[in-house]
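Please read the structure below before turning to the comments.
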Amino acid sequence: MKRYKLRIPVSVGKLETVIDDPETERRGLLLVAHPHPLHGGSLDNKVVTTWPRRPTRPAGSACVRISAASA
């Protein structure tokens, strides 16, 4: 699995994203957002970093994590 970190330009700054790509035939996409920053959420939150490694994750699916705090 390959990991990409991107900062996508948006109207209020840059949206930080992390993409975990299975590098095989992609058959799906998981879009994961962290809890609100005022409640301790971040791109490195345990919940959102665990999703790409879950054994129950659909095979061949890419996982895209976005940071609500970066924009």
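The values are calculated or read from the model by the stated rules, or taken from the named source; none is laboratory data. If you're wondering where the values come from, they're calculated on a predicted model, not measured in any experiment. Please note: Cβ atoms are built from the backbone with ideal geometry, for glycine as well, and neighbour counts cover all protein chains shown. Side chains are part of the model used for accessible areas, which takes the heavy atoms of the whole protein and leaves out ligands, DNA and RNA. Shrake-Rupley method; radii C 1.70, N 1.55, O 1.52, S 1.80 Å.
For residues that are open to solvent by less than 60 Å² (accessible area, probe 1.4 Å) and within 18 Å of residue 6 (Cβ to Cβ), tally how many sit in the stretch 44-57. Number of matching residues: 3.
Residues are listed down the side, and each one gets a yes or a no for (1) open to solvent by less than 60 Å² (accessible area, probe 1.4 Å); (2) hydroxyl-bearing (Ser, Thr, Tyr); (3) at pLDDT below 80; (4) in a strand (DSSP E or B):
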position: 9; (1), (2), (3), (4): no, no, no, yes
position: 15; (1), (2), (3), (4): yes, no, no, yes
position: 20; (1), (2), (3), (4): yes, no, no, yes
position: 31; (1), (2), (3), (4): no, no, no, yes
position: 38; (1), (2), (3), (4): no, no, no, no
position: 42; (1), (2), (3), (4): yes, yes, no, no
position: 59; (1), (2), (3), (4): no, no, yes, no
position: 64; (1), (2), (3), (4): yes, no, no, yes
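Residues in the stretch 31-43 that are in contact with a strand residue (DSSP E or B) (Cβ under 9 Å, 6 or more places away or on another chain) and within 16 Å of residue 6 (Cα to Cα): 31, 32, 33, 43.
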